[in-house]
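Dropping the structure in here first, questions after.
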Amino acid sequence: MSRRKTGPRRRPPAPAPTVTAASPCPCGLDAAYGACCGRFHGGTDAAPTAELLMRSRYSAFVVGDAAYLLRTWAPGTRPDTLDLDPGMRWTGLEIGAATEGSAFHQRGTVTFRASYVHGGEPGSLHERSRFARHDGAWVYVDGDFLDD
């Protein structure tokens, strides 16, 4: 007879809510997804500022749009592929600061905190991301993780 450890059972993570064009945008702005980040994901528009690109990339993580994440990554730092973790559920975005990154700039930074639940455990990612223009469009270059 084998011994089995018993303990509290972990529930599987709750599925992420389905995001539709009429849903509140996951990026936190007061707009529907289709009128906010969804238009960037669909390729109808390009994010006009580094902060809006950051928000749209966060929303792409929420909806699992790896193609958009790769498309908006600077060619010099972009990975060949991107495998999103299906067990990761992004739950909120807070923008701490944005420097430069407007229509009048070539570079910008955005400091943010993205909250998540993974394996039933809450956490957050605190990063200062760097953005630059590539062929006229804002792209993510890289970032530094920040200590809390």
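For A46, are the conditions met, namely being under 26 Å from H134 (Cβ atoms), in contact with a strand residue (DSSP E or B) (Cβ under 9 Å, 6 or more places away or on another chain), part of a loop (DSSP other than H, G, I, E, B) and not basic (K, R)?
So A46 fits the description; yes.
Okay, moving on. Hey, D147 hits all of (1) in contact with a helix residue (DSSP H, G or I) (Cβ under 8 Å, 6 or more places away or on another chain); (2) in a loop (DSSP other than H, G, I, E, B) but one; which does it fall short on?
Condition (1) is where D147 drops out.
Follow-up. Give the number of residues within segment 130-140 that are crowded, with 19+ Cβ neighbours inside 10 Å and either of a type in the set (V, I, T) or free of Cβ contacts under 8 Å to residues at least 12 places away in the same chain (or both).
1
How many residues are over 23 Å from C25 (Cα atoms) and either without any contact (Cβ under 8 Å) to a residue 24 or more places away in the chain or surrounded by 14 or more Cβ atoms within 10 Å (Cβ to Cβ) (or both) when one looks only at segment 109-129? Explain how you work it out, then say what you get.
Restricting attention to segment 109-129, the residues satisfying the condition of being over 23 Å from C25 (Cα atoms) are 119-121.
Okay, now just the ones that are also either without any contact (Cβ under 8 Å) to a residue 24 or more places away in the chain or surrounded by 14 or more Cβ atoms within 10 Å (Cβ to Cβ) (or both), so 121.
Total meeting the criteria: 1.
Of the residues that sit in segment 41-59 and are at pLDDT 95 or above and of a type in the set (S, T, N, Q), which one is surrounded by the fewest Cβ atoms within 10 Å (Cβ to Cβ)?
If we take residues in segment 41-59 being at pLDDT 95 or above and of a type in the set (S, T, N, Q), then T49 is surrounded by the fewest Cβ atoms within 10 Å (Cβ to Cβ).
The values are calculated or read from the model by the stated rules, or taken from the named source; none is laboratory data. If you're wondering where the values come from, they're calculated on a predicted model, not measured in any experiment. FYI the Cβ positions are ideal-geometry reconstructions off the backbone, even for glycines, and counts take in every protein chain you see.
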